[in-house]
C-alpha cells in the first residue's frame, strides 16, 4: 500500500471476502432513517459509508424510511431527508423504500412465529414488563402469558390489529430467553397497540411493529447483503440474527456495526435537537447554528466539504469524538478553492477623497477568484466617496506599522484592487463620534507601485459609497460553549452559547451581490466566507466560517 492509498476498512474486508467466496454477487446496502427529525452531521457519515460501499463495489444502496412509529413521524421529515440525501450528491437505487410497504408481510411473519410457538400475546403492562425483564445482574422471569396457546395468541393479535383492544393492555412478544445475559433477547416486544393514523397507511393499522422486529426483515425483503449501522445497535445484533434464523425470509442479510460520528461542541440526539427547535432556542431545524444537514446547507457549508470530511474519518469498531476544528478545516479548504471573491464592509465608515473629481467615476475589472479563471470577473465602481471598515482606521499616529497595518491620520493604505489613499482629517457628529474621514488618493497607483517616498501600511477592503448595496450580515459562533454539552448531569441547554448569533445591519456590499443566489458562496475579503440566506427576502448573508480558526 502506498502512502496515498487509504487502508481498507473492516467492512470492505468483509465484502471482499464475501465476493471472493461467492456468498454475494452484488453488494446491496441501505440507509434507513426513521422520519422523526431532520438528518444531522452524524447521519452524513452513515450516508457516505453506505452509499460509498455500494458505489465502490458496483452495487446499490437503498433509501428506506423505517416509518414504524406514527407517533413521532411526519411527512415533513420524509421530504427533508430525501432532499438532504440528494443534496449530498447520492442517488439511491430504484424507488424509495418504506417499512410501511411491508406491514402486511411483517404481520404474516408475526403469525408464523406464533404458529411455531416462538411468539405470544402478553398482557403485562409496561411497568410489569420492566419488573419481569430483570437487570444486567439479575435474570428475568417468564411472563405468566408465555405459554398461551398459539390459537389464542393469533386470535388476540387479530383483535389488536382491528382496534378491539385498548392501548397498553397487550403486546406481541418473541419467545426467546428470559435468562439471556443480553437483555434485548429477553422476550422483546414485536408489536404494540397504537391507535393512531399513519402518514402513509392511514387508519389501516392499530398495531405497529417494533424497529427490532421490522429492520432485519426489511433488509431481507430488499435483498440487502450488508446491513451497516452504528455501534449502539451492536447489542441488538443477536436479536437481528434470531429473527433472520427463525423466519422464512427471501434472503439472509448480515448486520455490521461501525463507530458513529460524534463532534464536540454540539449535540446530535434527535430528541435534543427537537427540543432546541420546539423550545425556540433556535429558529428551526435549518437554523444555521444547528448540526443538521439543512442547517449546514443554509449556513453555506458545501456538500463536497461534508463528503470529504466524512471520507477522512476511519470506519472503525470504536466510537470517538472528532474536534469541530477538523470539520471546519474541510469547510474552509473547499470554500477557499471555490468561493468567488467579493468585498463587504461590515462596519462602514465614509471616506471622502477630497482631491478626486466630484464628477469622475471609474471602474476596475478584477478576477472573481485569484486562481480560477473559470469564475469570471467582477467590476468595482469607484468614485469620490467610498466606505471602509471602521476597524480599519485609527487616529492614533503612534501605532507602529507592524502593529496596525491599516489607515492612520497622515499615513497611507492601499485599497484592494484600487488606489493608495491617505487620511488627512476626521469629521465628528454632535456626540463626538467619527462619521467621516477626509483623505486623498495618490494618483497613478492603481495596479502600480507607490511613488518614491510613499509606503502603504497595508491593504484594506472597501466599496463605493454610491454604488453599493445595504445588507445584513449574520455572524455565527458555536451553538454550545462546552465541548461535551450533554455529558454532565445538568441540562445541555445550560451550555448554549449566548453569543452564537450576532446580527449586524447597515453593512455595505458590492452592488453586484444584490442578485446573489442562495448557496452561492463568497469570500468577503478579509472577513470570511458567506452565502445569501435562503429564508430571507432581504439581502442577508450568513457567515459560513471565518478565514482562519479564531475560536477559543
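Readers should treat all values here as calculations from the given coordinates under stated rules, not as data from a laboratory. Just so it is clear, the structure is predicted and the values come from calculations on it, not from any experiment. Using ideal geometry, Cβ is built from the backbone for each residue, glycine included, and neighbour counts are taken over all protein chains shown.
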Using the basic label-point model (7 angstrom from Cα toward the beta carbon), what is the residue 203 to residue 424 distance in nanometres? 8.4
Highest mean first, how do 472-478, 433-439 rank when packing is the count of other Cβ atoms within 10 Å averaged over residues? 472-478, 433-439
What shape does the stretch 144-218 take by its C-alpha gyration tensor, where a ≥ b ≥ c are the square roots of the eigenvalues and a/c under 1.5 counts as rounded, a/b above b/c as prolate, and the rest as oblate? oblate
The stretch 350-460 - percent relative contact order, Cα under 8 Å, separation 6 or more: 27
Most packed first (mean Cβ within 10 Å per residue), the peptides 166-178, 242-254, 293-305 order as 293-305, 166-178, 242-254
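Relative contact order for the chain: what percent, with Cα pairs under 8 Å and sequence separation of 6 or more?
Over the chain, the number comes to 12 percent.
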Sorted largest first, the C-alpha extents of the stretch 173-250 along its principal axes in whole angstrom are 38, 30, 26
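Sorted by mean Cβ packing within 10 Å, highest first, what order do the peptides 135-141, 511-517 take? Can you show the working numbers first?
Details: 135-141: 11.3, 511-517: 15.3.
Ranking the peptides 135-141, 511-517 by packing returns 511-517, 135-141.
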Take every Cα-Cα distance within the chain, group them into 10 Å bins from 0 onward, and report for each bin the whole-number percent of pairs it holds. 3, 15, 21, 20, 15, 10, 7, 6, 3, 1, 0
Show that you can apply the helix-only estimate: for the chain, add -39,500 (n - 2.57) for every DSSP H stretch of four or more residues, divide by all residues, and state [θ] at 222 nm to the nearest 500. -7500 deg cm²/dmol
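Quick one: of the DSSP bridges fully inside the stretch 350-460, what percent are antiparallel, nearest 5?
In the stretch 350-460, approximately 70 percent of DSSP beta bridges are antiparallel ones.
Starting from the Cα-Cα distance between residue 126 and residue 13, subtract it from 0.36 nm times their residue separation and give me the gain in nm to one decimal.
Taking 0.36 nm per residue and subtracting the Cα distance, the gain is 36.4 nm.
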At what distance in angstrom do the alpha carbon centres of the stretch 288-307 and the stretch 199-249 lie from each other? 31
Interatomic Cα distance distribution for the stretch 223-310, bins of 10 angstrom, percent: 14, 31, 26, 22, 7
On a C-alpha basis, how far is the centre of the stretch 351-424 from the centre of the stretch 18-91 in Å? Whole number, if you could? 50
What is the stretch 82-132 by shape, rounded, prolate or oblate, if you read a ≥ b ≥ c off the alpha carbon gyration tensor as root eigenvalues and call it rounded for a/c under 1.5, prolate for a/b larger than b/c, and oblate otherwise? oblate
What length, rounded to one decimal in nm, is gained on full extension from residue 483 through to residue 275, with 0.36 nm per residue of separation minus their alpha-carbon distance? 73.0 nm
Could you put 100, 151 in order, starting from the residue whose Cβ has the fewest other Cβ atoms within 10 Å? 151, 100
Taking 358, 29, 266 and counting other beta carbon atoms within 10 angstrom, the fewest-first order is 358, 266, 29
Rounded, prolate or oblate: which one fits the stretch 296-380, using the alpha carbon gyration tensor with axes a ≥ b ≥ c (rounded when a/c is under 1.5, else prolate when a/b beats b/c, else oblate)? prolate
Calculate how steeply helix 103-115 sits against the longest principal axis of the alpha-carbon atoms of the chain, using the helix alpha-carbon long axis, and give the answer as 0 to 90 degrees to the nearest 10. 30
Out of all Cα-Cα pairs in the stretch 361-470, roughly what percent, to the nearest whole number, are more than 24 Å apart? 29
Can you put 30, 260 in order, fewest other beta carbons within 10 Å first? 260, 30
Angle between the Cα long axis of helix 237-246 and the longest principal axis of the chain, 0 to 90 degrees, nearest 10? 40
Take every DSSP beta bridge whose two residues both sit in the stretch 10-258, then give the antiparallel share in percent to the nearest 5. 50
For helix 41-56, what angle does its Cα long axis make with the longest principal axis of the chain, in degrees from 0 to 90 and rounded to 10? 70
Which whole-number percent is the relative contact order of the stretch 79-191 (Cα, under 8 Å, 6+ apart)? 27
Percent antiparallel among DSSP beta bridges with both residues in the chain, to the nearest 5? 65
